[in-house]
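Here is the structure we will look at, set down as structure tokens.
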Amino acid sequence: MKRNPEDDPRKKAHSQHQTPGSTELEGWVSLGKKDEALRLARQQLKNPIMSGDDFQNSLSAILTLADQLGTWTPLVESAYARLSKRDRRAARFWMLSFHCSNCSYELASQFIPRRFDGLPVELAFAMGTMLELGNMAGAKALAGKLPRAIQAADTPTTQAMLMDCLAEYLVRKGQWDEAIRIWETVQLDAIKMESGVVGIMEIHAARALQSTRAGLQLVEKAKINFDADLETTLPGNEKVRWAQTEKKLRRFEKMLQKILPEKRRKEMGIDRNR
């Protein structure tokens with residue numbers, strides 16, 4: 001869930017207080033000068049005396065241009081620790097965004113606010129973090145805020161992010177038809193298209209897997225309660241017929257399990273007790 005820094009209203013709110021270094025950094029980012037921007041971001045994060053704006057602009061550059069976020073983690077955490085208490089509160093969203101984008105969801109969860117200040121994108125990262133951690137209680141507490149946040153989203157992509165979170169939550173609650181309807185809209189967004197397309201495909205695959213397993217149960221019953229008259233007329237025919245059907249269904253089951261790995265099947269409520 002990598003964020004789009006240009007869509008974040010916090011960046012605009014701080015622009016009037018930027019230092020010369022932050023202004024230069026934004027210039028390098030806007031020009032797409034990756035090496036120059038990341039070099040300056042590193043310098044600013046190492047600065048013993050660093051403003052909250054320098055920190056936030058450095059993270060914005062890193063999230064926009066860096067290929068590997070993991071290598072930045074020690075430097076980012078060290079810089080965050082040096083911020084004043086006030087600046088740390090203001091930078092909380094950026095830490096949530098950074099750790100979530102780096103798939104460090106346990107760390108990201110430490111920056112989820114108890115109350116949201118009206119920024120829908122922050123709710124999207126918080127909800128995504130809870131879902132990735134499998135914390136359905138935490139996700140449930142946030143899910144009720146999603147409909148209003150979707151309406152308040154200031155960009156189509158932020159709206160799609162929030163809708164994607166809602167659809168994923170509904171999938172895990174077993175409300176697959178509702179999730180499909182939401183993902184049909186999400187897939188129209190250029191950035192979140194993959195989530196929508198894959199989400200719908202996974203639901204259809206899950207249903208196909210359930211149908212396949214239901215068929216296997218019917219075959220097992222048929223093998224026990226075979227047709228005696230047919231067995232007398234054509235000895236062995238019933239056993240061969242059900243063996244062939246079972247073989248075909250097992251092949252389907254194996255293919256569908258490759259599409260839906262064990263972790264995903266459990267998230268969707270399949271194989272939860274296996």
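The values are calculated or read from the model by the stated rules, or taken from the named source; none is laboratory data. Computed from a predicted structure; not experimentally measured. Virtual Cβ from ideal backbone geometry, glycine too; neighbours counted across all protein chains shown. Note: accessible area is taken over every heavy atom of the protein model, side chains too, but ligands, DNA and RNA are not part of it. Shrake-Rupley method; radii C 1.70, N 1.55, O 1.52, S 1.80 Å.
Computed quantities for the displayed model
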| item | result |
| --- | --- |
| Gyration tensor (alpha-carbon) shape descriptor, segment 70-214, a/c threshold 1.5 | prolate |
| Full-stretch length increase - LEU188, LYS254 - with 0.36 nm per residue and alpha-carbon distance subtracted | 20.6 nm |
| Lysines whose Cα lies under 23 Å from that of LYS140, excluding same-chain neighbours fewer than 8 positions away | LYS2, LYS173, LYS192, LYS263, LYS266 |
| Heavy-atom accessible area order for MET136, MET130, largest first, 1.4 Å probe | MET136, MET130 |
| Spacing of the two label points (7 Å from each Cα toward its C-beta) at GLU24 and GLU246, in nm | 7.4 |
| Folded to 0 to 90 degrees: helix 85-101 orientation relative to the chain principal axis, Cα | 40 |
| Candidates LYS140, LYS254, LYS239: whichever shows maximal mean-square fluctuation once the chain is modelled as a Gaussian network with Cα springs under 10 Å | LYS239 |
| Residue with peak Gaussian network fluctuation, the chain [Cα springs, cutoff 10 Å], from SER51, SER211, SER195 | SER211 |
| Rounded to 10°, Cα long-axis angle of helix 73-82 versus longest principal axis of the chain | 40 |
| Helix axis angle, 120-132 relative to the chain longest principal axis, alpha carbon, degrees | 40 |
| GNM top mover of GLN244, GLN110, GLN56 - the chain, alpha-carbon springs below 10 Å | GLN244 |
| Nearest-10 value in Å² for the accessible area of SER30, using the 1.4 Å probe | 100 |
| Relative intensity, log₁₀ I(q)/I(0), of segment 32-150 from a Debye sum that treats every alpha carbon as a point, q = 0.14, 0.15, 0.16, 0.19 Å⁻¹ | -0.60, -0.68, -0.76, -1.00 |
| Extension gain (nm, one decimal) between ARG42 and LEU218, 0.36 nm per residue minus Cα-Cα | 57.1 nm |
| FRET efficiency, 1/(1 + (r/R0)^6) with R0 22 Å, evaluated for GLN110 and VAL198 via beta carbons | 0.15 |
